[in-house]
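Report on one structure; see the data block that follows.
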Amino acid sequence: MAFAGALAAPLLLGAPAPAAPGAAPDRVTRSTTSDPDDTRGPLDIASVTHRIAVRDRHRVDLTYTVRTYEPFRTADLQRRHRNITLELGTEAEPGASRNITVYARDGWLRADLISNATRKRIARLDVRRVGRRAVRVRGPRRLIGARRYFVVSRYENRSTAPCGMAGNVPITCGDDVPRRGWLRLDRPAWPRPSSTAG
């Protein structure tokens, strides 16, 4: 009995019970933005979803999912000419200070977090296919948190028809969501000032 009372005492004093590993987040918010079927090529974006999982005031995880209208192969993606990029606005001032570039190398899907100031990679992120038409990137707020963001897809391939011509120059197939402006994130997703350096 004395042993049971000793275990209960911290709870009576208001000490928080430790969270179980893999426990569900305290709060989750999710927002999806649809985009019209308006671009030729396999990377015409159908929707963009962001998910914010708040586990406590110090730990927030984010997930970004980009879905296309047409299926695409991982092997078709390429670092410079065929990729999906999420531009992250981390500061109060306009502009994007970081980006997440999703591409393939040697047939494997990759997602690099890149500083727009230095063009250097900050981190390699967890990225996965979600069926044949989507990719999902996950990470902590300190890396991929943002106040706002937009998504750009780019598909340039000499073996496929361009999406038009500007004079004699072919136009690269691609899409952007939203068409103008930014997608906004709720305050729990905003990075802390110390985590946006680089």
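The phi-based Karplus calculation (6.51 cos²θ - 1.76 cosθ + 1.60; θ = phi - 60°) puts the 3J(HN,Hα) values of segment 171-188 at 9, 5, 5, x, 8, 9, 10, x, 5, 9, x, 9, 8, 9, 10, 5, 3, x Hz, whole numbers, x for Gly and Pro. Set the Förster radius R0 to 22 Å, insert the Cβ-Cβ distance between Asp106 and Asp126 as r into 1/(1 + (r/R0)^6), and round the FRET efficiency to 0.05. The pair Asp106/Asp126 has a calculated efficiency of 0.75.
Evaluated at q = 0.23, 0.29 Å⁻¹, a Debye calculation over the C-alpha positions of segment 76-138 (equal weights, vacuum) places log10 I(q)/I(0) at -0.97, -1.32. Count Lys and Arg as plus one, Asp and Glu as minus one, and take only other residues whose Cβ is under 13 Å from that of Asp126; the net charge is then +4. When +1 charges are put on Lys and Arg Cβ atoms and -1 charges on Asp and Glu Cβ atoms, the dipole computed for segment 122-195 relative to its Cα centre reaches about 460 debye.
Magnitude of the charge dipole for the chain, about its Cα centre and with charges confined to Cβ atoms of Lys, Arg (+1) and Asp, Glu (-1), is about 420 debye.
Other residues with beta-carbon under 10 Å from the beta-carbon of Val151 carry, at +1 per Lys or Arg and -1 per Asp or Glu, a net charge of -4. Using the alpha-carbon atoms, what tilt in degrees (0 to 90, nearest 10) does helix 2-12 show relative to the longest principal axis of the chain? The helix 2-12 is inclined about 50 degrees to the chain. Distances between every pair of Cα atoms in the chain, grouped in 10 Å steps from 0 to the bin holding the largest one, split as 8, 31, 31, 15, 7, 5, 2, 1, 0 percent.
Since every read-out is calculated from the coordinates, none of them should be taken as a lab result. Please read all numbers here as calculations on a predicted model, not as lab measurements. Counting neighbours? That spans all protein chains shown, and the Cβs are built from the backbone with ideal geometry, glycine included.
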